[in-house]
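Engineer: I'd like to ask you about the structure that follows.
The values are calculated or read from the model by the stated rules, or taken from the named source; none is laboratory data. This structure is a prediction, so every number in the text was calculated from the model and none was measured. Note that each Cβ is placed from the backbone with ideal geometry, even for glycine, and that neighbours are counted across all protein chains shown. Surface areas here come from the heavy atoms of the whole protein model, side chains and all, with no ligands, DNA or RNA. Shrake-Rupley method; radii C 1.70, N 1.55, O 1.52, S 1.80 Å.
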Amino acid sequence: MTNSKYGDYRFLESVEFMFDRAVREMNLPQGLSNQIKACKSVFRIQFPVQIDGRIEVFTGWRATHSEHRLPAKGGIRYALNVNEQEVEALAALMTYKCAIVDVPFGGAKGGLIIDPQKYSSEQIEKITRRFALELAKRGFISPSRNVPAPDLGTGEREMAWIADVYRQLFSTDINHIATVTGKPVSQGGINGRIEAVGRGIQYILREFFRHPEEVKKSGLSGNIESKKIIVQGFGNVGYHTTKFLAKEDGGKIIAIIEKDGAVYNEQGLSIENVVEYFQTNQKLEGFPDATFIKDGRNALELECDILIPAATESQITSNNADRIKAPIVVEAANGPITYNADEILKEKGTVILPDVYVNAGGVTVSYFEWIKNLSHIRFGRLERRFDELKGEKIINLLESVLNVTIDDDMKKAFTDSSGAAELDLVRSGLDDTMRQAFQEIMEIMHRGEKLLDYRTAAYVLAIEKIACNYLEMGI
Ligand code: NAD
């Protein structure tokens with residue numbers, strides 16, 4: 001079946017074709033690749049909620065793509081266009097994503113058909129709690145089997161409600177807090193989870209630009225500084241990605257695309273000004289110091305160095321792929337490029353850093369949160385002051401052996417940085433994870449006679465690891 005508007009393959013088919021393309025580069029028994037590719041189960045639920053005296057019936061799904069490792073992990077999406085094939089496609093991506101970044105989870109995803117903006121916070125709470133109850137009582141939410149997280153349309157708030165529903169249902173489960181990740185820090189969440197996807201993308205781009213021979217393929221040079229960047233979607237992922245790239249790496253954000261249109265300024269937009277305007281007005285139209293483009297999708301085709309789709313799937317299709325001018329596309333969203341468009345862009349020489357790797361920062365830090373919850377202690381709590389003290393002792397030793405006086409600023413910089421806080425540890429673990437995965441993907445890209453693209457190499461990496469797991473474990 002194809003996407004009727006552009007004749008492209010739909011999201012799930014696109015993911016499956018990308019999987020098949022990777023399998024063709026491998027020597028894998030057919031039955032094993034079928035087993036890895038298949039979605040193991042999909043649960044659909046309809047449930048009623050009383051809203052303003054009326055009964056509304058909601059439809060939601062939880063797909064478990066793989067359980068070769070447990071728990072299965074994946075976000076819950078709230079959007080009007082959620083459907084079964086989308087949830088299955090997202091669950092499959094979770095399986096491959098976890099394998100690529102060595103997070104020992106299976107893949108899952110949930111979705112609910114709802115426009116969250118149409119309901120008050122109290123109503124969303126009521127709907128979320130009922131959805132969570134329906135899933136939890138059937139084992140589709142559990143710290144050991146199936147752990148949700150935020151996705152499009154959901155955030156910390158929903159995760160806190162879901163955790164509370166599970167706790168009430170299973171109050172004797174000492175690990176109840178680990179049943180969902182992306183919680184507020186005060187509810188057992190972890191510092192750095194909200195920023196995780198954006199931070200991960202920053203680390204990936206830094207690593208990419210550390211390899212001049214890779215950068216050369218795109219026709220660019222140098223590093224992130226002054227690169228013209230366009231982002232589509234200014235939610236959690238889009239905001240944090242652009243904030244870090246602009247503030248910390250000198251990238252120039254020239255266009256931001258949202259549902260109502262795009263703002264464009266060749267000289268660069270101030271992320272903090274745009275976010276303030278967007279949060280106040282719930283739209284980009286009217287933002288000063290920028291040109292407004294009513295049909296935001298057209299802004300995907302503007303001249304830039306790096307295009308970051310961070311909204312939703314099937315945004316670059318065979319309809320607009322040949323007009324995309326960005327030499328590098330970074331898939332922050334899941335599935336923003338259809339299989340058909342992927343082939344067109346590859347033909348043009350566009351470098352695509354693929355979703356299965358690019359947005360894995362979210363699940364990586366979710367993994368850290370899950371470990372923190374199971375160990376019932378914040379990272380760094382035991383050793384931070386000990387490390388600081390060790391730093392002080394080293395300074396004292398240096399002063400006495402070298403007979404010098406180290407100035408207070410240097411002393412402070414050294415002792416402060418020697419005791420890592422939770423956020424430092426999370427960022428360090430995320431950076432290491434992203435770099436390690438980049439190296440592994442590159443190794444696969446270059447190991448055969450044929451040079452593979454990043455997406456195919458990332459899929460090969462994931463499939464190899466999962467296949468190895470099945471073979472060792474026994475199917
Ligand atoms: P979000 O709800 O915080 O933000 C999404 C933003 O995109 C919203 O501002 C929305 O208005 C905008 N948007 C939606 N459709 C659009 C369109 N057609 N054109 C322009 N803008 C549009 O969601 P998020 O958490 O930032 O997720 C964005 C993407 O990143 C999704 O594909 C999601 O699956 C993926 N992702 C998110 C996480 C996470 O931890 N939040 C992790 C991995 C992947």
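Engineer: Using Cα centres only, tell me the gap between segment 34-50 and segment 182-224 in whole Å.
Structural biologist: Segment 34-50 and segment 182-224 have Cα centres separated by 31 Å.
Engineer: First obtain the Kirkwood hydrodynamic radius of segment 219-349 from its Cα pairs, then insert it into the Stokes-Einstein equation at 4 °C and 1.567 mPa s, and state the resulting D in µm² per second as a whole number. Walk me through the intermediate numbers first.
Structural biologist: Details: Rh = 14.6 Å.
Value of D from the Cα-based Kirkwood radius: 89 µm²/s.
Engineer: For a protection proxy built on the mean count of beta-carbon atoms within 10 angstrom, sort 336-345, 18-27, 307-316, 379-388 highest first, please. Intermediate results must be reported in sequence, preceding the final value.
Structural biologist: Numbers: 336-345: 23.4, 18-27: 16.3, 307-316: 25.5, 379-388: 14.8.
Peptide ranking by packing, descending: 307-316, 336-345, 18-27, 379-388.
Engineer: Give me the number: length gained by fully extending Lys259 to Asp115, i.e. 0.36 nm times residue separation minus the C-alpha to C-alpha distance, one decimal in nm. Walk me through the numbers before you get to the answer.
Structural biologist: Numbers: separation 144, 0.36 × 144 = 51.84 nm, distance 1.35 nm.
Answer, rounded to one decimal: 50.5 nm.
Engineer: Can I ask one more? Over segment 1-151, what is the percentage of antiparallel beta bridges among all DSSP beta bridges, to the nearest 5?
Structural biologist: Working: 19 of 28 bridges.
Around 70 percent of the beta bridges assigned by DSSP in segment 1-151 are antiparallel ones.
Engineer: Let me ask something else. Which order do peptides 87-94, 366-373, 137-144 fall in by mean Cβ count within 10 Å, highest first?
Structural biologist: On the way: 87-94: 27.8, 366-373: 23.0, 137-144: 18.2.
Output ranking for 87-94, 366-373, 137-144: 87-94, 366-373, 137-144.
Engineer: What's the ranking of 109-119, 44-54, 397-407 by average number of surrounding C-beta atoms within 10 Å, highest first?
Structural biologist: Values: 109-119: 20.5, 44-54: 11.6, 397-407: 9.9.
Per-residue Cβ counts within 10 Å, averaged per peptide and sorted highest first, yield 109-119, 44-54, 397-407.
Engineer: So, one more: Considering the convex hull of the alpha carbon atoms of segment 325-398, report its projected area averaged over all viewing directions, in nm², one decimal. All intermediate terms of the calculation are to be shown ahead of the outcome.
Structural biologist: Details: hull surface 36.2 nm².
About 9.0 nm², averaged over all directions.
Engineer: What does the accessible area per residue of the chain come to in Å², with a 1.4 Å probe and no ligands, DNA or RNA counted? Walk me through the numbers on the way to the answer.
Structural biologist: Values: 20570 Å² over 475 residues.
About 43 Å² of surface per residue is accessible.
Engineer: In whole Hz, with x marking every Gly and Pro, tabulate ³J(HN,Hα) for segment 462-471 from phi via Karplus 6.51 cos²θ - 1.76 cosθ + 1.60, θ = phi - 60°.
Structural biologist: So the J values, rounded to whole Hz, are 5, 5, 4, 5, 5, 4, 4, 4, 5, 5.
Engineer: Next up: Can you work out the Karplus-derived ³J(HN,Hα) for every residue in segment 191-201? Use 6.51 cos²θ - 1.76 cosθ + 1.60 with θ = phi - 60°, whole Hz, and x for glycine or proline.
Structural biologist: In residue order, the calculated couplings are 4, x, 6, 4, 7, 4, 5, x, 5, x, 5 Hz.
Engineer: Mind listing the long-range amide H neighbours of Phe379? Cut-off is under 5 Å, sequence gap 5 or more, other chains count too, H placed in the peptide plane at 1.01 Å from N.
Structural biologist: none
Engineer: In whole percent, how big is the carbon plus sulfur part of the accessible area of segment 219-349, probe 1.4 Å, protein atoms only?
Structural biologist: On the way: 2300 of 5260 Å².
Carbon and sulfur: 44 percent of the exposed surface of segment 219-349.
Engineer: Follow-up. Each label point is 7 Å from the Cα along the Cα-to-Cβ direction; what then is the distance between the points at Glu272 and Arg447, in nm?
Structural biologist: 4.6 nm
Engineer: Taking just the alpha-carbon atoms of segment 409-475, what radius of gyration and Dmax come out, in angstrom?
Structural biologist: In Å, with Rg to one decimal and Dmax whole: 18.7, 59.
Engineer: Take the eigenvalues of the Cα gyration tensor for segment 27-101, scale each by 5, and report the square roots as semi-axes in whole Å, largest first. Don't skip to the end; give the middle numbers.
Structural biologist: Numbers: eigenvalues 200, 28, 20 Å².
Square roots of five times the eigenvalues give 32, 12, 10 Å.
Engineer: Can you give the relative contact order of the chain as a percent, counting alpha carbon pairs under 8 Å and 6+ residues apart? Working shown, then result.
Structural biologist: On the way: 919 pairs, mean separation 75.0, N = 475.
Worked out over the chain, it gives 16 percent.
Engineer: Relative contact order for segment 219-349: what is it in percent, counting Cα pairs under 8 Å that are at least 6 residues apart?
Structural biologist: Working: 263 pairs, mean separation 31.1, N = 131.
RCO, segment 219-349: 24 percent.
Engineer: Short version: what are the Cα gyration tensor semi-axes of the chain, square root of 5 times each eigenvalue, largest first, in whole Å? Spell out each step's value before the answer.
Structural biologist: Numbers: eigenvalues 216, 177, 135 Å².
Semi-axes, largest first: 33, 30, 26 Å.
Engineer: Leaving ligands, DNA and RNA out of it, report the carbon-plus-sulfur percent of the accessible area of segment 89-137 at a 1.4 Å probe.
Structural biologist: Values: 720 of 1460 Å².
Taking all protein chains in place, segment 89-137 shows 49 percent carbon and sulfur surface.
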